[in-house]
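To start, the structure itself, in structure tokens.
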Amino acid sequence: MTTQSPISAVIAPVTPLQQNCTIVWCSKTRKAAIIDPGGEVDRLLRALKDQGLTLEKIWITHGHMDHAGGAAELKAKTGVPIEGPHKDDQFWIDRIQESGEMYGMPEARIFVPDRWLEDGDVVTLGETQFEVLHCPGHTPGHVVFFHRETKFAQVGDVLFQGSIGRTDFPRGNHQDLIDAITGKLWPLGDDIRFVPGHGPMSSFGAERRSNPFVGDRAVAAMKGPGYTAPVNRSPG
Ligand SMILES: [Zn+2]
Ligand SMILES: [Zn+2]
């Protein structure tokens, strides 16, 4: 007998910003969620079909166009509900059309999620569940989806391999982001593997060892005099 992992995931980068749209599914029921369908909806639907999956949920980490720009179209084509982000990101969702035109994605549409998410919420997928963590800073309504059993997280633009999300956008807040990462993500454990919004996967332990913004050495330095954060050149 083989023991099958309760969830599986594939990453399908979308949009000119190469955003890590993630298809996750319950291995037992093959019911799937698409996390952050920024665009290229028909390609995502083909990927679902190729894997023999049934779409059950659309999950959104935050309201930026490259993450949420395809959600309205995906919902219109499948009828499945949009869950997330936290309601503080509605002002970003309201700008999706504008940013879509800027990035040559005229099909990007604004929407209102079927369910806003709060810190501590649980979202279900087939016979499995993900925990929701509200991690503001990059945007005020950013959420993270966490599957405890398999130690897997989709963190959007909160944390990257070697970097953190930008905080120079309207209502961005550097300290909120640092607090969310060190206060909410690190306690989940060094062995949590995560998909960031852009770039390669990493683990919380690897980032604690070497991330120049939120690694343990950086956090210790923040408490000393004269600390300035490194310049952030992250893609999201
Ligand atoms: Zn992004
Ligand atoms: Zn973003």
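The values are calculated or read from the model by the stated rules, or taken from the named source; none is laboratory data. These figures come from a predicted structure and were not determined experimentally. Quick reminder, even Gly has a Cβ in these numbers, built from the backbone with ideal geometry, and neighbours come from all protein chains shown.
Quick notes
- If you go through segment 190-206 and keep only what is outside any loop (DSSP other than H, G, I, E, B), under 26 Å from H64 (Cβ atoms) and more than 16 Å from ligand 2 (Cβ to nearest atom), you end up with R193, S202, S203, F204, A206.
- G38 within 16 Å of ligand 2 (Cβ to nearest atom), touching an Asp or Glu at 6+ places or on another chain (Cβ under 6 Å), within 21 Å of D121 (Cα to Cα) and among the small types (G, A, S): no
- Once segment 130-161 is narrowed to residues that are touching a Ser or Thr at 6+ places or on another chain (Cβ under 7 Å) and in a loop (DSSP other than H, G, I, E, B), the residue that is nearest to ligand 1 (Cβ to nearest atom) is H138.
- Only one of R209, R217 that is closer than 19 Å to K151 by Cβ and either more than 14 Å from ligand 2 (Cβ to nearest atom) or surrounded by fewer than 16 Cβ atoms within 10 Å (Cβ to Cβ) (or both): R209
- Here E107 clears all of (1) of a type outside the set (S, T, Y); (2) part of a loop (DSSP other than H, G, I, E, B); (3) buried (at least 18 other Cβ atoms within 10 Å of the Cβ); (4) modelled with pLDDT under 95 except the condition numbered (3).
- Residue in segment 54-77 that is over 21 Å from I11 (Cβ atoms) and touching an Asp or Glu at 6+ places or on another chain (Cβ under 7 Å) present: no
- Which listed residue, of P230, P225, is surrounded by fewer than 14 Cβ atoms within 10 Å (Cβ to Cβ), in a loop (DSSP other than H, G, I, E, B), out of contact with any Lys or Arg (no Cβ under 9 Å at 6 or more places or on another chain) and touching a residue at least 12 places away in the same chain (Cβ under 8 Å): P230
- Among (1) more than 16 Å from ligand 1 (Cβ to nearest atom); (2) buried (at least 17 other Cβ atoms within 10 Å of the Cβ) - the single one D119 does not satisfy: (2)
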